[in-house]
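Here's the structure, in structure tokens; my notes come after.
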Amino acid sequence: MTKSPVYILAIESSCDDTAAAVLQDNKVLSNVVARQSVHEEYGGVVPELASRAHQQNIVPVIDVALKKANIEKAQVSAIAFTQGPGLMGSLLVGSSFAKSMAMALNVPLIAVNHMHAHILAHFIDEENYDKPEFPFLALTISGGHTQVVCVDSFFDMTIIGETTDDAVGEAFDKSAKILGLPYPGGPLIDKYAQLGNPKAYPFTKPKVDGLNFSFSGLKTQILYFIQKNVAQDPDFIEKNINDICASIQYTIIQILMDKIKMAVKETGIKQIAIGGGVSANSGIRTTLKETEQKYGWKTFIPKFEYTTDNAAMIGIVGYHKFLENQFNDASVVSKARIEF
């Protein structure tokens, strides 16, 4: 007897992207994201504007996801949604819609931790992409988080290192802002860094105990460095943008790699997976890949579309929770901060 397929409709609305995906078991049938350009003129995400844009986008995005997947609403086995962490107003749009639709279709509701999803995105069935074996170490790097996680199973994860202040994504974006680059600046630093000398301007790496990170001091150091040099030469940034970006990116990558090396030494685990929006950074991807031959590690880098916020990663967690009958009722609440 053949097992009937499980269809998960997944909704992600934790920040400024409205996303919906349909998975058949662990395979993605559709993965739709509506970006919000409204925030660009403000140099960062405005929570109230994000919530309103989610309300406008959520129905058409889900409609397109179902049509692209070529399935009817009646075929949906369960609805998974992001419970947190994220912007409260944004989360509420996704959770309210998910609850209503699950109730209307009389299907199970599955609440998903956004950070678990970044890690478990590696288990989406994709051609030419290997899946890590348990246990493995996950480096989750995004605009709001920087964590080293020991992953023993789908639902047994322990944070063994995290940032004590700012996240790595914020370090990239704030550095870009200091350089006068438009929001979001992280990808622009990556672009210019590829053309520059990473050792042109040495920045001091912060000294933080154990496997924890700190990026606030580096941001201040970059600010003072730019202010000092611009005072001497008003065209300093324009003349040296490639080298400045390469030096900033190199320093951030070294900070991350130092902690990963330490985590491997402490745990003995040599399987490393990265996830989160900053894992789209080409410098981080290249450096991590080089460790395979240098240290004998096995590294896992997700498909580009599963790095930034997306609903496919919510769907894969939903699928594995579905198999374990881990369902929620309508009383489940969104949480801006959520226990890992």
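Listed values, structure above:
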{"item": "Efficiency of FRET between TYR295 and ASN325 - r from beta-carbon atoms, R0 51 angstrom, step 0.05", "result": "0.80"}
{"item": "Of all accessible heavy-atom area on the chain, the percent that carbon and sulfur account for (1.4 Å)", "result": "50 percent"}
{"item": "Virtual paramagnetic centre 7 Å along Cα→Cβ of LEU49, amide N under 18 Å, in the range 87-104", "result": "87-91"}
{"item": "Sites ALA74 and TYR183 - FRET efficiency at Förster radius 51 Å, r taken between beta-carbons, to 0.05", "result": "0.75"}
{"item": "Whole-number percent relative contact order across the chain, with pairs defined as alpha carbons under 8 Å at least 6 apart", "result": "25 percent"}
{"item": "Sequence-separation-based contact order of the range 193-325, relative, with Cα cut under 8 Å and 6+ spacing, percent", "result": "26 percent"}
{"item": "Set of lysines near LYS239 by C-alpha distance (under 29 Å), chain-local residues within fewer than 8 positions excluded", "result": "LYS174, LYS177, LYS191, LYS199, LYS205, LYS219, LYS228"}
{"item": "Residues of the chain: accessible area per residue with a 1.4 Å probe, Å²", "result": "46 Å²"}
{"item": "Mean Cβ neighbour count within 10 Å, used as a protection proxy, ranking 194-203, 80-89, 53-62 highest first", "result": "80-89, 53-62, 194-203"}
{"item": "Where GluC sites (Glu not before Pro) in DSSP loops with at most 11 other Cβ within 10 Å are excluded, longest remaining stretch of the chain", "result": "134-323"}
{"item": "Spatially proximal aspartates and glutamates relative to LYS298 (Cα-Cα < 19 Å; intrachain offsets below 8 disregarded)", "result": "ASP125, GLU126, GLU127, ASP130, GLU133, ASP152, ASP258, GLU266, GLU290"}
{"item": "Listed values (i) 19.5, 60; (ii) 20.6, 76; (iii) 33.7, 145, entry calculated as Rg and Dmax of the Cα atoms in Å", "result": "(ii)"}
{"item": "Using alpha carbons only: equivalent-ellipsoid semi-axes of the range 70-221, gyration tensor based, whole Å", "result": "35, 20, 17"}
{"item": "Packing-based ranking, highest mean first, of 307-316, 326-335 given that Cβ atoms within 10 Å are counted", "result": "307-316, 326-335"}
{"item": "Kirkwood Rh in Å, taken over all unlike Cα pairs in the range 169-254", "result": "12.9 Å"}
{"item": "The range 244-289: translational diffusion in µm²/s, Stokes-Einstein, Kirkwood Rh over Cα pairs, 20 °C, 1.002 mPa s", "result": "188 µm²/s"}
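The values are calculated or read from the model by the stated rules, or taken from the named source; none is laboratory data. Computed from a predicted structure; not experimentally measured. Using ideal geometry, Cβ is built from the backbone for each residue, glycine included, and neighbour counts are taken over all protein chains shown. Surface areas here come from the heavy atoms of the whole protein model, side chains and all, with no ligands, DNA or RNA. Shrake-Rupley method; radii C 1.70, N 1.55, O 1.52, S 1.80 Å.
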